[in-house]
Amino acid sequence: MDAQPDDFVFKGLNIPHNTNNKLGSNVTLVSAANLPGLNTLGISMARIDFAPYGLNPPHTHPRGTEVLTVIEGTLYVGFVTSNLPNGGNRLFTKVLYQGDVFVFPQGLIHFQFNVGKTPAIAIVGFSSQNPGVITIANALFGSKAPISVDVLSKAFQLDQKVIQNLQSLFWMDNNH
């Protein structure tokens with residue numbers, strides 16, 4: 001099939017999306033899946049809308065680095081390094097304002113939180129046409145079939161009833 005002009009345009013990234021959910025955020029991804037012209041180019045992007053105090057929860061992109069620009073509002077952002085040679089992990093955080101840019105290295109757990117009393121908007125670029133997303137809480141406590149309570153209670157050093165309660169909760173996905 002030959003490429004068509006419409007394969008190279010995505011319309012609507014200027015439109016705010018609904019943040020009326022438990023997280024107070026909404027991610028609109030533009031990737032090769034909905035913009036075929038990105039296929040083989042190794043890039044994609046997204047718009048993230050935040051309600052006041054909205055959160056894009058801890059997650060990772062296994063196939064791409066993310067660079068975020070704050071368009072409107074104030075975001076507290078951060079990522080955790082992978083295991084360091086001396087043990088442990090290190091948290092890198094900043095409060096970002098309009099026009100600030102922050103990089104989240106590929107594969108590292110990261111988050112964005114709107115610390116302002118007004119909505120916030122961020123535009124992100126990815127170094128992959130399909131960066132993927134793994135939302136940590138959803139993956140661990142909301143997987144189908146569920147991860148064994150024994151495994152999670154030992155890994156988090158929590159009582160099994162706490163794990164069962166976490167697994168019983170509704171884990172939402174803010175990626176669209």
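Only residues that are more than 13 Å from residue 113 (Cα to Cα) and in contact with a Ser or Thr (Cβ under 8 Å, 6 or more places away or on another chain): list them for segment 46-65, please.
Step one: of segment 46-65, the residues more than 13 Å from residue 113 (Cα to Cα) are 46-47, 60-65.
The answer is 46, 47, 61, 63, 64, 65.
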Under 7 Å by Cβ, and 6 or more places apart or on different chains, what pairs join a residue from segment 127-156 that is more than 30 Å from residue 28 (Cβ to Cβ) with one that is outside any helix (DSSP H, G or I)? 153/159
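Go through 118, 74 for me and flag whichever is closer than 24 Å to residue 18 by Cβ, more than 19 Å from the chain's Cα centre (by Cα), at pLDDT 95 or above and among the hydroxyl-bearing types (Ser, Thr, Tyr). Steps first, answer last, please.
Values: 74 fails: more than 19 Å from the chain's Cα centre (by Cα).
Just a single option satisfies the conditions, and that option is 118.
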Selection from segment 80-100 of residues within 19 Å of residue 45 (Cβ to Cβ), out of contact with any Asp or Glu (no Cβ under 8 Å at 6 or more places or on another chain) and surrounded by 11 or more Cβ atoms within 10 Å (Cβ to Cβ) yields 96, 100
Of the conditions (1) farther than 27 Å from residue 152 by Cα; (2) modelled with pLDDT of 95 or more, residue 106 satisfies every one except a single condition; which number is it? (1)
Taking residue 125 and the conditions (1) within 30 Å of residue 8 (Cα to Cα); (2) touching a Ser or Thr at 6+ places or on another chain (Cβ under 7 Å); (3) open to solvent by less than 50 Å² (accessible area, probe 1.4 Å); (4) not in a loop (DSSP other than H, G, I, E, B), which numbered condition does it fall short on, given that it satisfies the others? (2)
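The values are calculated or read from the model by the stated rules, or taken from the named source; none is laboratory data. Note that this is a predicted model, so its numbers are computed, not measured. No Cβ is skipped: glycine too gets one built from the backbone with ideal geometry, and neighbour counts run over all protein chains shown. These accessible areas exclude ligands, DNA and RNA; they are computed on the full protein's heavy atoms, side chains included. Shrake-Rupley method; radii C 1.70, N 1.55, O 1.52, S 1.80 Å.
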